[in-house]
Amino acid sequence: METLLFLFPQFNYMAPKEEAYFKMFAVEDFQSPAMKEDSSRQKDKERKSRLSLFLTKSGSHENVSPHKKTNTPTSNISPETALQWSDSFEELLKHTDGVETFSQFLRTEFSEENIEFWLACEEYKTIDSETKLLSKAKYIYTVYIESEAPKEVNIDYNTKMAIQKNMEHPTRSCFDVAQMKVYSLMKKDSYPRFLHSDIYLRITRRKGPGATMFRRRSRSCVFNERGESKTEPSAW
């Protein structure tokens with residue numbers, strides 16, 4: 001307001017009502033088209049940010065996951081169970097605790113939207129009602145697919161456009177390609193890092209304060225001076 005009065009000194013002597021009216025409209029009127037566009041984009045970002053915050057607080061992960069989220073403390077997971085998760089990414093996803101622990105890891109990398117999207121697609125394919133199918137499809141598209149969505153997943157343009165075209169009459173397979181791409185990304189990129197993360201190694205007790213390192217023992221063959229073989233245990 002002070003800047004505008006400096007530029008237009010004739011407004012220094014306005015009546016209170018006129019001054020209030022000027023404050024309400026003058027700034028908007030004197031903004032350049034570029035400034036107005038930036039302001040509009042900022043408001044749009046703030047809206048999506050509020051939506052993202054709402055989804056986080058309302059437990060969107062619980063809403064879309066086919067697995068019941070129990071927030072099981074990692075201390076309650078046995079090392080033997082956790083070691084099974086290292087057999088394959090598919091094996092990890094078979095275990096509810098594995099999915100939840102993997103989700104915790106992804107949150108540390110700010111990429112939890114990948115597992116949430118995959119779980120949402122898994123549930124989506126089980127819906128029988130056409131009305132619910134349409135509603136869930138729009139929800140998944142709004143939250144994970146469209147540009148600048150609050151939890152937008154990393155998929156290519158052509159896949160995104162194909163999904164957008166299917167939104168008028170969504171089918172149970174309309175998210176399959178995107179789900180496969182996100183699955184592949186997690187398997188090849190996130191999963192190997194998860195197996196070396198503090199979260200996972202602490203559960204398997206291979207790393208962490210006061211943890212006991214699991215060490216396999218083998219027996220090696222050693223020959224004495226008389227040529228007689230003698231086996232000795234070795235650790236690795």
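The values are calculated or read from the model by the stated rules, or taken from the named source; none is laboratory data. A quick note: this is a predicted structure, and the numbers were derived from the prediction, not measured. With ideal geometry, Cβ positions are generated from the backbone for all residues, glycine too; neighbour counts draw on all protein chains shown. Note: accessible area is taken over every heavy atom of the protein model, side chains too, but ligands, DNA and RNA are not part of it. Shrake-Rupley method; radii C 1.70, N 1.55, O 1.52, S 1.80 Å.
Just for region 94-137: of the residues that are assigned to a helix (DSSP H, G or I) and among the polar types (S, T, N, Q), which one is farthest from S190 (Cα to Cα)?
Just the residues of region 94-137 that are assigned to a helix (DSSP H, G or I), to begin with: 94, 96-108, 113-124, 130-137.
So of that shortlist, the ones also among the polar types (S, T, N, Q) come out as 96, 101, 103-104, 108, 114, 131, 135.
On the way: T96: 18, T101: 13, S103: 11, Q104: 12, T108: 11, N114: 10, T131: 35, S135: 30 Å.
Top of the filtered list is T131.
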> Which number in (1) at pLDDT below 95; (2) part of a helix (DSSP H, G or I) marks the one condition that T72 misses?
Replying inline: (2)
> Do any residues in region 86-100 that are at pLDDT 95 or above have Cβ atoms under 8 Å from those of residues that are of a type in the set (K, R), where the two are at least six apart or on different chains, and which pairs are they?
Replying inline: F89/K187; T96/K68; E100/K69
> Of M161, M186, which residue is in a helix (DSSP H, G or I), surrounded by fewer than 17 Cβ atoms within 10 Å (Cβ to Cβ) and at pLDDT 95 or above?
Replying inline: M161
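Test of understanding: among R107, R50, which residue is at pLDDT 55 or above and among the basic types (K, R)?
Working: R50 fails: at pLDDT 55 or above.
After ruling out the rest, the residue left standing is R107.
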> What about E109, is it open to solvent by 60 Å² or more (accessible area, probe 1.4 Å) and either among the β-branched types (V, I, T) or touching a residue at least 24 places away in the same chain (Cβ under 8 Å) (or both)?
Replying inline: yes
> Does region 147-154 contain at least one residue that is closer than 20 Å to F175 by Cα, out of contact with any Asp or Glu (no Cβ under 7 Å at 6 or more places or on another chain), free of Cβ contacts under 8 Å to residues at least 24 places away in the same chain and surrounded by fewer than 18 Cβ atoms within 10 Å (Cβ to Cβ)?
Replying inline: yes
> Would a scan of region 84-93 turn up a residue that is crowded, with 17+ Cβ neighbours inside 10 Å and either more than 25 Å from D189 (Cα to Cα) or β-branched (V, I, T) (or both)?
Replying inline: no
>> Given the criteria at pLDDT below 95, in a helix (DSSP H, G or I) and open to solvent by 20 Å² or more (accessible area, probe 1.4 Å), does T142 qualify?
In response: no
